[in-house]
Structures are given as C-alpha cells and as structure tokens.
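The values are calculated or read from the model by the stated rules, or taken from the named source; none is laboratory data. Fair warning: this is a prediction, and the values are worked out from it, not measured in the lab. For neighbour counting, all protein chains shown are included, and Cβ atoms are generated from backbone atoms with ideal geometry for every residue, glycine included.
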C-alpha cells in the first residue's frame, strides 16, 4: 500500500488525494505540516531532498516527489492518464503550464493570504505580481475552457486535477472569478465527477487496521 | 515536417533543438525574438495564448507549447523517453522540478543578467532570491548526480536535456559551479553525447529547399 506524505491544506498534496480517491486506491496518509518545518527535518530531507510535499512512497524506501509526476504514476494505465502520444503531450503541456504559470502565482497567494496569519502584509511587495500573473494564467485557461469541456479531450483527466487544485481556492486569496464563466462551469463539472472529494476530506484510517 | 518557433538564446527553446538534433529529426526553424515582443503579437498569441517559445507545430494548425511537454512528444518512442511506469514518473519528477525550482531562478537570472542590458540593475531586488533558490536547486541536483551518472536510469534521457539547458549557462549569470563537481562532470558527459549541439547551433535550412 502506498504511503502519501501530504499536508491537508496544500493544493499540490490535494491533487494526489483527489486522484487516489477517484481511482479508489487505498493508501496510508502521513500529515506533514510544512508551516511547522516538518518538511525540513533531516528525516524528511532524506526521503525528499527538495523538502516538499506531496511525496509518495511507491515501494519500501522508494520515493516519488512532484505532485504532477505522482499523478502520472498513480493514474498510469487508467482513464485519467491519456497515453496517445499527442494527447499525452497536450496533458503534459497543461500540467507544466500549471507548475510554471498558475501554481507559483495563485499557489503563492493562497499560501501567504489564506494560510499564513499576517501574510498579506509580509508579502505585500509580491502580491501585485502574483495577482497580475495569476490573472494572466486564468485568462489562458478561460480561453481554452470556453471551447472545450476539459483541458484534454472529452473527459476528465489528471490535467484537470492538476489545474483544479489551486484554481478552486483562488477566491480564498482575493482572485475574482466572476469574469471567468467557463472556468466556473468547469469547476462545477469537476465537483460533479464520480469519486470527487473536497480538500478537507481524509481517507478512512484503513492503514491503521492493517 | 515540424515547424519549431524558437529563440536562439532561450534555454527552453534550446532543449527542443538539442533533442531534435540528437534524434536526427529535420525541422523548419522560425526565430521569434521575445526581446522585441515577437511572442506577443496577435498572430503568435493565436498560435500560443501563453505567448511563449518554444512552440512546435506538430501538424497543420496544431500547436504544442511548454518545452518539457514538447520533449515528451518529439522523443516519444525513442531511447530518450523512458516508458516504464516508475521510470517515466521519475523522469517527470525531475522535469517538473526543473520548471518549478531551477528555471524560474537560473532561467530568470540568465534572462536579466546575460540577455538584458542593464538587467542586473533593473532586477536587483529579485536577484538575491534567484541566487538563493537557484543554489538550493543545484544542491539537490548535485546530491543526486554524486550517486548517479544521469537523472534517470543509466542513460541520457530528456530529463537530462531539460535540466542541462539552464544549468549549462549558470556561470554566465553569476552562479559559481566550482563547488558542484558532480554537476560539472555531468555537463561534460552530456557534451560528449552523440548528436550534441551547442546553443548557438542552427539546423541547415533544409526546409527552404522543400
């Protein structure tokens, strides 16, 4: 059984929890509170030198980092992971876009505004850039979703999971989504997917009984 | 034949040129000077709403963006793209690390210090962060390369190409690699790979004759 090192309020960690729930894969959950420095301990850094969650133990002492890489691993072979060469590349395109253009902006705003008390003041010099770049990324997504129900092909895939994680908390960190109707309709569609779980959801403590 | 929209001095564009050269795949090269705003014209934004290079036209009017997604597309089915599920995920882990932890720091420093006249002064407030975060990323890479010849498995893959692009120009933007011997040995190994081309290299203008 997988062990997932995750922080409950981390959007990157939520991606993996959402995929595992959708796929019905049981796992053991270990909460790592990065706000308390728990991802920077020598024990954790020995598992992931980048000092980040999520981290998946895929086999004893074999660890996989980076949320979007973990998505490809856990969803490999399922309907969530397109394997056709061009469709796979298009899914990857959106997932690299997410890590390069969306997460560093909306994710950073979410971290400092929604999670850190006083973060709005501490990061006041950076928030303007995050808002500008975050809105630019949302604009690119809106343009695509105005013509397509999902990011890749006609079905829900891990590309949607990757982009959903921070987009669905954007309003918690001052982004106004009223002028992005296609994004709001897509958020609703994802919440109607079978197996959908919220960010607060935790798996039953199955592992404890095993 | 592919058409690649690329900027000669862009590390992200170089990744694709290096992979195509290694694979011996001919293509038509279109230079897009982002410093002159050529990636922000209405014509270019119609091809790629993110306004970035590289961009690959994989079929008439079908465009693929994001350098690392393009690498998976052009290398798909070749020895450069591992397809085993866990090895593929490990390659993706390093490629997402590259876009999230290396490129935004060394790539930004390279852009402002090596490409933009006066950039060191214009971005003086940000350079310290880029240096600190860039050195942290190099530290993670050094730790891995001290024990492995390449990033994934025993051979050169697109994960190496992705990480090579900005690492090999790090010294042009003030990073000191003397304390990263494993990285320097890896840079040398890549430069000895068959089909290696430098960042300055351009393909013969094959397309013009066709």
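Looking for something farther than 17 Å from residue B:91 by Cβ and surrounded by fewer than 16 Cβ atoms within 10 Å (Cβ to Cβ) - is there at least one such residue anywhere in the stretch A:48-58? No, that holds for no residue.
Listed conditions (1) without any contact (Cβ under 8 Å) to a residue 60 or more places away in the chain; (2) within 14 Å of another protein chain (Cβ to nearest Cβ); (3) over 27 Å from residue A:136 (Cα atoms) are all met by residue A:2, apart from (1).
Meeting the requirement of 1 or more residues that are modelled with pLDDT under 95, the helices (runs of 4 or more DSSP H) wholly within the stretch B:34-139 are B:119-122.
Inspection of the stretch A:113-129 finds no residue satisfying the criterion of being farther than 24 Å from residue B:58 by Cα, assigned by TED's automatic domain parsing to the domain that holds residue A:183 and crowded, with 23+ Cβ neighbours inside 10 Å. Note on the stretch A:81-101: among residues that are closer than 20 Å to residue B:84 by Cβ and in contact with a helix residue (DSSP H, G or I) (Cβ under 8 Å, 6 or more places away or on another chain), the one that is surrounded by the most Cβ atoms within 10 Å (Cβ to Cβ) is A:95.
Residues that are out of contact with any helix residue (DSSP H, G or I) (no Cβ under 8 Å at 6 or more places or on another chain) and closer than 22 Å to residue B:89 by Cβ within the stretch B:145-193 comprise B:147, B:148, B:154, B:155, listed in sequence order.
Just so you know, in the stretch A:68-80 the residues that are under 20 Å from residue A:167 (Cβ atoms) and more than 8 Å from chain B (Cβ to nearest Cβ) include one that is surrounded by the most Cβ atoms within 10 Å (Cβ to Cβ), and it is A:71.
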